[in-house]
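Enquirer: Structure incoming, see below.
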Amino acid sequence: MRALSYTQISLYQSCPLCYKLQYIDGLEQKDKGYFSFGTTMHDCAEHFFKVKVPPPPSLEQMLDFYERKWLSQGYESAEEEAEYKAYGRKMLTKFCEIHRPDFRMPIAVEHKFFIDIDNVKLTGRIDRVDKLDSGGLAIIDYKTNQELFTKEYLDNDLQLTLYQLAVEQSWFLPVERLTLYHFRSNTPCSCPPREAAQLEEARKLVLEVAEGIQAGNFPAVESGRCPCDFPEYCPYYKHKFAPQRGETDVLGEAAVPQSVERYVALQKEIKGLELELKELKEMIVAFCQAQGLNRVFGKGHALTYKMWEKVGYSEPEIKALLEPAGLWPRVLGFDQSKLKELIKDETVAREIRQKLTELKQVVSASPQLWVRRLVEEE
Ligand code: SF4
């Protein structure tokens with residue numbers, strides 16, 4: 001199996017089908033302005049820190065490098081590209097102002113790693129690794145994201161966790177700081193290194209993803225990033241984007257749009273009728289109660305009114321009675337939400353929790369249709 005990178009793992013997690021289309025079938029992603037911009041800014045940071053001896057390049061040299069490394073692909077218009085370019089120059093100027101005065105040689109820049117996790121190869125490229133005065137290491141990854149990173153984001157970022165695993169295996173020195181460098185504001189957003197349990201979780205996740213890939217498990221999973229660059233291969237978007245469409249015995253292609261609209265119209269009608277029915281029922285019941293009647297008559301029908309009482313038990317009262325006699329466990333229901341809590345409960349033996357997770361399966365399946373308004377999209 002090919003080595004996995006953080007980008008691949010994260011894509012598989014968000015949509016296994018998209019992962020397959022990109023990394024197994026080899027479909028090319030479309031150019032995007034923000035990708036080009038991110039690449040140029042990364043190249044600049046690399047150029048700045050990858051000197052053989054100090055000092056780092058001057059601002060003029062950096063701006064010259066920036067011009068040469070600028071990528072024009074993917075921007076929506078010449079205006080958008082010009083805006084990004086001017087913005088990037090400002091970011092880079094600030095970057096030099098901040099980092100030239102206290103420049104220190106990193107111990108690695110664009111460090112390519114290959115590590116082994118229970119026979120699964122993990123690869124990646126770490127933007128920068130610094131050696132701290134304490135002797136420990138700091139990992140820095142540059143990001144051109146819009147928003148600053150929250151503490152929660154930093155504490156849970158899988159990329160930083162995987163990089164820590166890789167750095168600790170490469171240098172055998174403790175990692176003491178993890179940083180996502182927010183390039184747009186030139187702000188280093190840092191957090192302490194991961195504890196052993198979080199590193200172990202990440203290792204397990206890598207193995208799970210590798211297992212899913214090897215098992216050929218590639219369902220399409222919709223998310224906020226849909227449609228991706230390959231909608232014509234996706235069961236959720238194929239019908240809209242694929243040029244060739246099929247016919248079936250039950251529904252011809254030409255009848256599909258009409259059937260969809262009719263389905264939605266019927267659903268609306270049913271909802272309206274249900275509301276009317278509910279209101280009528282409330283009025284008739286109120287009338288029967290006010291008049292002391294159990295039956296009312298129309299021309300061709302009669303309606304019988306009765307108060308229907310569902311008989312049951314109060315859980316606290318039953319528990320109070322049965323628990324002292326040791327009989328309470330015999331009447332507990334099979335509560336799925338409690339089962340989920342049990343799986344998360346670290347005081348429960350790990351093997352049991354693992355086994356419970358493995359026992360999760362599809363117990364029933366029935367076709368459903370969800371309605372989605374397309375007005376905004378169109
Ligand atoms: S459109 Fe969405 S669900 Fe379909 S393959 Fe792409 S990412 Fe997956």
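Enquirer: With a/c under 1.5 counting as rounded, go ahead and sort segment 182-341 into rounded, prolate or oblate using the C-alpha gyration tensor (a ≥ b ≥ c being the square roots of the eigenvalues; past the cut-off, prolate if a/b is larger than b/c, else oblate).
Expert: Values: a/c = 2.58, a/b = 1.30, b/c = 1.98.
It is oblate, given that a/c is not under 1.5 and a/b is not larger than b/c.
Enquirer: Name the residues of segment 121-145 whose amide N is less than 14 Å from a point 7 angstrom out from the Cα of Q198 along the C-beta direction?
Expert: Answer for this model: 139.
Enquirer: Follow-up. Which of the three applies to segment 107-153, rounded, prolate or oblate, going by the alpha-carbon gyration tensor with a ≥ b ≥ c and a/c under 1.5 meaning rounded? Please report the intermediate quantities before stating the final value.
Expert: On the way: a/c = 1.85, a/b = 1.23, b/c = 1.50.
It comes out oblate by the Cα gyration axes.
Enquirer: Let me ask something additional. Roughly how many Å² of Y153 are accessible to a 1.4 Å probe, to the nearest 10?
Expert: In the full protein context, Y153 sits at about 100 Å².
Enquirer: Where is the GNM fluctuation largest for the chain (alpha-carbon springs, 10 angstrom cutoff): A290, A210, A349?
Expert: Top of the fluctuation ranking is A349.
Enquirer: Quick check: Cα centre of segment 188-207 to Cα centre of segment 30-80, how many Å?
Expert: 30 Å
Enquirer: Here is a follow-up. Go through the cysteines of the chain and tell me which have no other cysteine Cβ under 4.7 Å away.
Expert: When partners are defined as cysteine Cβ atoms under 4.7 Å apart, the chain leaves C44, C96, C189, C191, C226, C228, C234, C288 without one.
Enquirer: How charged is the neighbourhood of E323? Take every other residue with its Cβ under 12 Å from the Cβ of E323, and add Lys/Arg as +1 and Asp/Glu as -1. Walk me through the intermediate numbers first.
Expert: Details: positive: K319, R330; negative: E315, E317.
My count for the surroundings of E323 gives 0.
Enquirer: What does the C-alpha gyration tensor say about the overall shape of segment 262-378? Classify as rounded when a/c is under 1.5, otherwise prolate if a/b is larger than b/c, or oblate.
Expert: Oblate, since a/c reaches 1.5 and b/c is not below a/b.
Enquirer: Another question, if that's okay. Treating the chain as a set of equal point scatterers at the Cα positions, no solvent, please give the Debye-formula log₁₀ I(q)/I(0) at q = 0.08 Å⁻¹.
Expert: Debye intensities relative to I(0), on a log10 scale: -0.71.
Enquirer: Let me ask another. Could you give the semi-axes, largest first, of the ellipsoid that matches segment 316-378, computed as the square roots of 5 times the alpha carbon gyration tensor eigenvalues and rounded to whole Å?
Expert: Values: eigenvalues 286, 79, 32 Å².
That gives 38, 20, 13 Å for the three semi-axes.
Enquirer: Between segment 318-336 and segment 96-118, how far is it from one alpha carbon centroid to the other, in angstrom?
Expert: After rounding, the separation between the Cα centres reads 59 Å.
Enquirer: Averaged per residue, what accessible area in Å² does the chain show with a 1.4 Å probe, protein chains only?
Expert: Working: 26100 Å² over 378 residues.
Solvent-accessible surface per residue comes out at 69 Å².
Enquirer: Right, another one. Tell me the mean residue ellipticity at 222 nm calculated for the chain from its helices only (DSSP H runs of n ≥ 4, each -39500 (n - 2.57), averaged over every residue, nearest 500).
Expert: Values: 13 runs with 168 residues, N = 378.
After summing the helix terms and dividing by residue count, I get -14000 deg cm²/dmol.
Enquirer: In terms of the ratio Rg/(2.2 N^0.38 Å) built on C-alpha atoms, what value belongs to segment 29-130? Please report the intermediate quantities before stating the final value.
Expert: On the way: Rg = 16.0 Å, N = 102, 2.2 N^0.38 = 12.8 Å.
Against the compact-globule rule of thumb, the ratio is 1.25.
Enquirer: If you take the Cα atoms of segment 1-67, find Rg, then find the Kirkwood Rh from the mean of 1/r over all pairs, what is Rg/Rh? Before the final figure, lay out each step's value.
Expert: Details: Rg = 17.1 Å, Rh = 14.7 Å.
That ratio is 1.16, to two decimals.
Enquirer: When all C-alpha to C-alpha distances in segment 219-283 are sorted into bins of 10 Å, what percent of pairs does each bin hold, rounded to whole numbers?
Expert: Once binned at 10 Å, the Cα pair distances of segment 219-283 give 17, 28, 28, 16, 10, 1.
Enquirer: Here is a follow-up. Within the chain, what whole-number % of the accessible surface is contributed by carbon and sulfur, with the 1.4 Å probe and all protein chains included in the calculation?
Expert: Taking all protein chains in place, the chain shows 55 percent carbon and sulfur surface.
Enquirer: By Kyte-Doolittle mean hydropathy of at least -1.0 and Cα axial length of at least 30 Å, which whole DSSP H helices of the chain are selected?
Expert: Details: long enough: 78-99 (31 Å, -0.90); 256-291 (52 Å, -0.05).
Long hydrophobic helices here: 78-99, 256-291.
The values are calculated or read from the model by the stated rules, or taken from the named source; none is laboratory data. Because the structure is a prediction, the values reported are computed rather than measured. All Cβ positions, glycine included, derive from the backbone under ideal geometry; neighbour counts span all protein chains shown. In case anyone asks, the SASA skips ligands and DNA or RNA and just uses the protein heavy atoms, side chains included. Shrake-Rupley method; radii C 1.70, N 1.55, O 1.52, S 1.80 Å.
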